[in-house]
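The values are calculated or read from the model by the stated rules, or taken from the named source; none is laboratory data. Nothing here was measured: the structure is a model prediction, and the numbers come from that model. Here Cβ is always computed from backbone atoms with ideal geometry, including for glycine, and neighbour counts include all displayed protein chains.
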Amino acid sequence: MSLALTRAGGPAIVGNAERRGGRKDHSGHEATVDESIVGPDPWTRRVFGGYLPLIIACLIIVLPLLWMVLGSFKTADEVITQDLVLWPHHPSFAAYANASAKVNFPQLFMNSVLVTAVGATVKVVLAITSAYAFAFLRFPGKRIIFLAILVALMVPSQVSLVPNYITIAGMGGVNTYWGIILPGLGTAFGTFLLRQNFMSLPIDVLEAAEMDGAGHLSRLFRMVVPMSTPAIATVALVTIVDEWNNYIWPLVITTDDSRMTLPVGLTLLKNIEGDPSAYPILMAGAVVVILPVLIVFLFLQRYIVAGLTQGAVK
Amino acid sequence: MSASGTIAGPRRRLNRRRLRESLLFVAFVLPNAALIAVFTYRPLILNVWYSMLDWTLGSARATFIGLGNYREFFTKDAGAVLGTTLIFTVVTVGGSMLIGLGLAVVLNRRLIGRNPARATVFAPYVLSGVGVGLVWTFIFDPVGGVLAAVLRKFGASSPQWFLQPGLSLTMVIIVYIWKNLGYCAVIYLAALQAVPRDLLEAAALDGAGRSRTFRSIVWPLISPTTFFLLMTTILSSLQSFDLIRIMTPMGQGTTTLMYASYLQAFGGYNRAGYSSAISTILVVILLILTVFQMRFLERKVYYA
Amino acid sequence: MLHDASRAAISRRSLLGLIGLGAGAAALSACSGPSTSASGAGAGSASADAVGGPSFDGVTPAKTISFWSNHPGSSQAITQSIIDKFKAESGITVNLVTAGSTYEDVAQKFQSAQAGGQLPDLVVLSDVWWFRYFMQDSIIPLGNVLKAAKVDLSDYRQGLVADYQYKDSQWAVPWARSTPLFYYNKSHFKAAGLPDRAPATWGEFATWAPKLMAARSTTKAKYAYEHPALAGYAGWTLQNILWGYGGGWSKKDSFDITCDSDPSVKALSYVADSVNKEKWAGVASTSSTDDLAAGACSATIESTGSLVGVQKAVGSRFDVGVGFLPGGPVSTKPVCPTGGCGVGIPKGVDKANQLAAAKFIGFLTNPENTVSFSAATGYLPVRTSADTSSLLAKNPLIGTAIKQLDVTRTQDWARVFLPGADQEMAKSVAAILTQGAGVDATMKTLRTTLEGIYTSQVKPHLS
């Protein structure tokens, strides 16, 4: 999701924002301008053009995830069969235990947590400081530097795979935490989103603080950061989800499960010769990697979705 | 110096303040900028150099072969890889935008439970591609999969999703759309909600029907969003990796530019030079898209 | 004086600066990829100079080594228990590292670790990968190190040992070795009125298949036979049919590609017809043994390393039968390729670690351990002196697999020695079986591809 999301804050929006003449924040805006204001909906339309497609869509989204959870409680012979077994007959955590026996799940989980926590923290801090600098500090060539950072949004990290591998390997970073974290630390998305937000803050309050002799650091941490908490939370959440799901780089740079993150470790569960059908085990693994994000999302989806739309449609 | 002493004081103070501000700027921006320079921009240049080498990943030595890798790509693999990339991109982008718009229209109606529905539809977008890929592999499995079981109920047999390149591509495209359409839906929804109410009321007073209103008022108003979505989804589609790698590890029928580049360097071939050539081609395509986007935007800013 | 001192200081400073710059540049270039040479001369041919490898006189084995494995045949637990015994006996700790789930994964990690990662002291080498490492000079010849570790190869099954020999050097030691095996569903065979054995030839099976298809109303199977999943391994098991018809991917012990020869085309036409014309055979999507266990097919061919897994998955639902691979019209034996993996020692690690690794190799594959490994997985005991009676008593089916070892043939060089050839073969066979491509034309193309790989990636390293 990283880059699409990233680009939600990308340059495409600048035009829109200016066009609407607004630094106004539309994020919280839920004003329902319903097409159906034309008149009361007949029930047929409400069902066939409203509830029915909505229910179908939700089922299509939910059922596969439900299937995953069910699958993780099945036994191998309930899966390797031509007769569909809907509910596991003897639901058990055996698949989870098996998965843990095959790969060191607690270790993978810890690695993911560590990489995500460190990576996201550094990224958010870097985003805050850079955004502040671009919003409030004068520097020759500032615009060009900002543009250079913005354009980085268009460069997917995947195309840097070989050069970055060689670089990190040359520094001895293969299969190390810092080797996993370092190349992804630069943040163009956070810088952009927070700069936009900082620039929409009431400038007179900041100027008053300056008159009172508050330095940049105190203005940043006493005023700008507290006033921008929702935006920072958005950036933080998006970054966390991003780091958690990151696959290709950890896949390439780690060699064993002492450093692999969850998504990479999951691939270890597939075994080529031998053990037929590891599906319950694979589903157990999928549950472990998907569930944390799903829970975070369910509680904080407002922030994540709002952050997105705020960037995209002004 | 002494001659202009009277004004030098404040100016010097100003200069010093300027200097301090500049230093602070450097301290604030440099780490981020340096990281981006080293790990985003530098690789692009290195890729160009590597792409001219016949070089096995891990080997300390390589042979300079000029444009040999490009020649090989365009005479051997280009047709299949570019074709796959094009199909994958066009169908996933078109599919998720169309379905996303449809869902957004539905979600924009005053329905009970539309907020949870919006969250549900969006959820797959934030889930791990690896996890999602595994789940769908299990669903598509021609013997033990639930899809095959449903088909058997109707007396049909499951298509060979994992064997026929065309079907593999179809399968990955379906899952990709499943995962990404929520993004389009939510962004379209926000755009729809931003359509001014009075315009719609005026149209209704003029007796315009729903589809007419949509075509002549709503659609033009949300066209910047359409353009924005088009660009972002094309870009993310060009980079998709997780699903392809999990569902079709050999890349049978699903070898897009991105995946070809991965397979060449880190799959069975270890051809780092050739992989870099493919990456460079991908970067050129992205560059063209970016330039296109910027030009289009310029026009938008002035005329829209 | 003062003047001189300051000049000296300056020059020292500039000297330091120069050194710094030089070091910086060196560090930078070390980080930015390979050095280049104008021609293929720099390709670096493998250590042809050392038949027995480096000398190990006076080296004492290290106390801790690492072993990269993908745990073939779900062998993690049994390998770990062997490691524990080794620790108790020798005091050497072996860290068993899961470096991937397939041979390809491990190979990729090992390959990219050459660029500057941490190398293992011992690594799994599949049949299609060791030669590449030999060519790239990233593993050592084992002659001397095995001697120093007192490991004698004469008690190993010579056919399996020979698989890892090239230019008079030994590059790996057989460990999790397998052959393909013919698996069948006994109840399906019974329902179709067939004898309880594997067919002697593919011709015979062609007469059985319609009966199995006719019995589908009771067996609920989809196919009489399923070709193993193509990804990665089509090139391996299909050698059986190719050889039976007198063909092959390449001529025996040579790089002369013969995949488009008459016998080869005939063999592959038989395969294509079974799927496309007669329609009694299918192709597995992921694992044909899964499908056999699910009752979706009545017979298939897969590695012996799948045996224990299949038995577990089938449980008591039906009886699994196994037999030798069927022969063909030209040859009925040997038509069985060997496969699986061995273990080898990387070049870029300390001699002390290499020696410890060699000692562990000896222990890992000693007669007792090779039997317990075999019992846990279905891989074959690699020692001739191994006492297999307990093994056979516990699982009689393994006996068939062991007996088949006497009629194996070393694999075609085109498959095992050409980098990426296996994938190309799988792709071509997939085109024939699932997209109806013509056998003749596809094999001609494959031949060109394989010859291209040989000329560009193998020949320069062997000269």
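List of remarks:
- Checking region B:238-255 against the condition returns no match, with no residue being of a type in the set (Ser, Thr, Tyr) and in a helix (DSSP H, G or I).
- Restricting attention to region C:265-298 and to residues that are in a helix (DSSP H, G or I) and among the small types (Gly, Ala, Ser), the residue that is nearest to A:Ala76 (Cα to Cα) turns out to be C:Ala293.
- Selection count, region C:339-362, where residues are outside any helix (DSSP H, G or I) and surrounded by fewer than 24 Cβ atoms within 10 Å (Cβ to Cβ): 5
- Filtering region C:383-394 for residues that are touching a residue at least 12 places away in the same chain (Cβ under 8 Å) and touching a Leu at 6+ places or on another chain (Cβ under 9 Å) leaves an empty set.
- If only residues of region B:88-113 that are within 12 Å of another protein chain (Cβ to nearest Cβ) and among the polar types (S, T, N, Q) are counted, the one that is nearest to the chain's Cα centre (by Cα) is B:Thr92.
- Index of the failed condition, A:Trp87 passing every other in (1) touching a Gly at 6+ places or on another chain (Cβ under 9 Å); (2) part of a loop (DSSP other than H, G, I, E, B); (3) among the hydrophobic types (A, V, I, L, M, F, W, C): (1)
- Taken over region B:50-68, the criterion of being at pLDDT 90 or above and within 7 Å of chain C (Cβ to nearest Cβ) is satisfied by B:Tyr50, B:Leu53, B:Phe64.
- Checklist (1) modelled with pLDDT of 90 or more; (2) farther than 30 Å from B:Ala60 by Cβ; (3) part of a helix (DSSP H, G or I); (4) not small (Gly, Ala, Ser) applied to A:Phe139, failing item: (3)
- Helices (runs of 4 or more DSSP H) wholly inside region C:380-440 containing at least 1 residues that are surrounded by fewer than 17 Cβ atoms within 10 Å (Cβ to Cβ) and of a type in the set (A, V, I, L, M, F, W, C): C:389-394
- Of all positions in region B:192-201, none carries a residue that is in contact (Cβ under 8 Å) with a residue 12 or more places away in the chain, more than 7 Å from chain A (Cβ to nearest Cβ) and touching a Gly at 6+ places or on another chain (Cβ under 9 Å).
So that you can scan it fast, the table gives a plain yes or no per residue for (1) closer than 30 Å to A:Tyr96 by Cα; (2) surrounded by fewer than 24 Cβ atoms within 10 Å (Cβ to Cβ); (3) touching a Phe, Trp or Tyr at 6+ places or on another chain (Cβ under 7 Å); (4) among the polar types (S, T, N, Q):
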residue: A:Val225; (1), (2), (3), (4): no, yes, no, no
residue: A:Ser228; (1), (2), (3), (4): no, yes, yes, yes
residue: A:Thr261; (1), (2), (3), (4): yes, no, no, yes
residue: A:Thr267; (1), (2), (3), (4): yes, yes, no, yes
residue: A:Ala278; (1), (2), (3), (4): yes, no, no, no
residue: A:Val287; (1), (2), (3), (4): yes, yes, no, no
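- Residue match in region C:255-268 (condition: at pLDDT 90 or above, in contact with a strand residue (DSSP E or B) (Cβ under 9 Å, 6 or more places away or on another chain) and not hydrophobic (A, V, I, L, M, F, W, C)): yes
- Test result for A:Ala97, more than 7 Å from every other protein chain (Cβ to nearest Cβ), in a helix (DSSP H, G or I), among the small types (Gly, Ala, Ser) and in contact (Cβ under 8 Å) with a residue 12 or more places away in the chain: no
- Which numbered condition B:Glu201 fails, given (1) at pLDDT 85 or above; (2) of a type in the set (D, E, K, R); (3) surrounded by fewer than 24 Cβ atoms within 10 Å (Cβ to Cβ): (1)
- Test for B:Arg71: is it facing chain C (nearest Cβ under 9 Å) and part of a helix (DSSP H, G or I): no
- Scoring C:Gln404 on the criteria (1) in contact with a Cys (Cβ under 7 Å, 6 or more places away or on another chain); (2) closer than 26 Å to B:Gly268 by Cβ leaves a single failure, condition (2).
- Residue satisfying condition, being closer than 24 Å to C:Pro396 by Cβ and either touching a residue at least 40 places away in the same chain (Cβ under 8 Å) or under 19 Å from the mean Cα position of the chain (by Cα) (or both), within set C:Ser298, C:Ser331: C:Ser298
- Number of the condition not met by B:Thr256 [criteria: (1) more than 28 Å from C:Gln423 (Cβ to Cβ); (2) modelled with pLDDT of 90 or more]: (1)
- Of the residues B:Thr233, B:Thr255, the single one that is among the polar types (S, T, N, Q), within 17 Å of B:Lys76 (Cα to Cα), out of contact with any Lys or Arg (no Cβ under 7 Å at 6 or more places or on another chain) and crowded, with 23+ Cβ neighbours inside 10 Å is B:Thr255.
- Residue satisfying condition, being more than 9 Å from chain A (Cβ to nearest Cβ) and at positive phi, within set B:Gly267, B:Gly253: B:Gly253
- Flag for A:Ile144 being modelled with pLDDT under 95 and surrounded by fewer than 18 Cβ atoms within 10 Å (Cβ to Cβ): yes
- Condition check for C:Trp130 on (1) over 24 Å from C:Thr79 (Cβ atoms); (2) crowded, with 24+ Cβ neighbours inside 10 Å: one failure, at (1).
- Criterion applied to C:Ser69, C:Ser37, C:Ser81 was being touching a helix residue (DSSP H, G or I) at 6+ places or on another chain (Cβ under 9 Å) and modelled with pLDDT under 90, and the one residue passing it is C:Ser37.
- Against the list (1) farther than 26 Å from C:Arg177 by Cβ; (2) buried (at least 23 other Cβ atoms within 10 Å of the Cβ); (3) within 14 Å of another protein chain (Cβ to nearest Cβ), the condition C:Arg216 fails is (2).
- B:Thr255, sole failed condition from (1) closer than 30 Å to C:Tyr233 by Cα; (2) over 17 Å from the mean Cα position of the chain (by Cα): (2)
- Among the residues listed as A:Ile128, A:Ile80, the single one being in contact (Cβ under 8 Å) with a residue 24 or more places away in the chain, buried (at least 19 other Cβ atoms within 10 Å of the Cβ) and within 30 Å of B:Leu30 (Cα to Cα): A:Ile128
- The residue that is nearest to A:Ser258 (Cα to Cα), among those in region A:88-125 that are surrounded by fewer than 21 Cβ atoms within 10 Å (Cβ to Cβ) and touching a Leu at 6+ places or on another chain (Cβ under 7 Å), is A:Phe109.
- Flag for B:Ala149 being closer than 16 Å to A:Pro64 by Cα, at pLDDT below 90 and part of a helix (DSSP H, G or I): yes
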